[in-house]
Every structure is written in C-alpha cells, then in structure tokens.
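Only one structure is covered here, and it is reproduced in the block below.
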Amino acid sequence: MDQLPFLLLMLVVFVFFIILPQQRRQKKERNFMDTLKKGDRVITKSGIHGKIAELNDKDDTCVVETLAGKIKMERTSISLELSQKLQPKEKK
C-alpha cells in the first residue's frame, strides 16, 4: 500500500514530461507538413538545402529544387527545426 502514491506520482511525471511534449511536437510537425507550399525554402533531415518545386498530396511527396537539380522525396524528410532557421526573425 505504501507504493501506490509513489507509482501514481511516477505515472503523472511520465505523462507530463514525456507523453504530452511528444504529442505537442507531433502536432507542430504535422501542421508544418500541411502548410508547406511551392516556393518555400527548406532543409531536409539529411542536410540538403533547397526550394519546394512541387507538392504531391496523393503520396505525400514533394520535389525539392537544389543547385544540383531536382530531388523527389517524402514530405516527412523535411526538417521543421532546420527550416525554421531559414525563416527571417519577426521584428517585435
């Protein structure tokens, strides 16, 4: 019986510090993928810099135009964190 409060506390900590932040990240990533548009400058997770040339909603792919040519890839391979570095900072 003495272990029940400890187990409940561990469960609460697990939910608040692991599960909820992960769900927020996934929602933000999904929103980023949905708002991609032609002409956006992006960086892929493998470090390739380019500009979106085409978007295909049927199979969730996109064509990224780089200096070396065009590459067709999955939308999920575009990095949210790195692409945000390309965006200019908003002036307050």
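Which order, highest average first, do 14-25, 64-75 follow once you tally other Cβ atoms within 10 Å for each residue and take the mean per peptide? Spell out each step's value before the answer.
Numbers: 14-25: 10.3, 64-75: 13.3.
Final packing ranking: 64-75, 14-25.
Could you check the simple spin-label distance between LEU4 and GLN22, using points 7 Å along Cα→Cβ, in nm with one decimal?
2.8 nm
For the chain, calculate the relative contact order in percent as a whole number, restricting contacts to Cα pairs under 8 Å that are 6 or more residues apart.
Numbers: 90 pairs, mean separation 18.8, N = 92.
Over the chain, the number comes to 20 percent.
Taking only the Cα atoms of region 37-87, how large is their convex hull per residue, in Å³? All intermediate terms of the calculation are to be shown ahead of the outcome.
Values: hull volume 3.5 nm³, N = 51.
Output value, Cα hull per residue: 68 Å³.
Express in nm, to one decimal, how much length is gained between VAL15 and ASN31 on full extension, taking 0.36 nm for each residue of separation and deducting their alpha carbon distance. List each step's numbers first, then the result.
On the way: separation 16, 0.36 × 16 = 5.76 nm, distance 2.26 nm.
Additional length available on full extension: 3.5 nm.
Binning at 5 Å from 0, report for the chain what percent of all alpha-carbon pair distances ends up in each bin.
Going from the shortest bin to the longest, the percentages are 3, 12, 18, 17, 12, 9, 7, 6, 5, 4, 3, 2, 1, 0.
Among SER79, SER46, THR66, whose Cα sits farthest toward the positive end of the charge dipole of region 37-87 (+1 at Cβ of Lys/Arg, -1 at Cβ of Asp/Glu, about the Cα centre)?
Of the candidates, THR66 comes out farthest on the positive side.
Just so you know, all these numbers are worked out from the coordinates, no wet-lab data involved. Note that this is a predicted model, so its numbers are computed, not measured. Here Cβ is always computed from backbone atoms with ideal geometry, including for glycine, and neighbour counts include all displayed protein chains.
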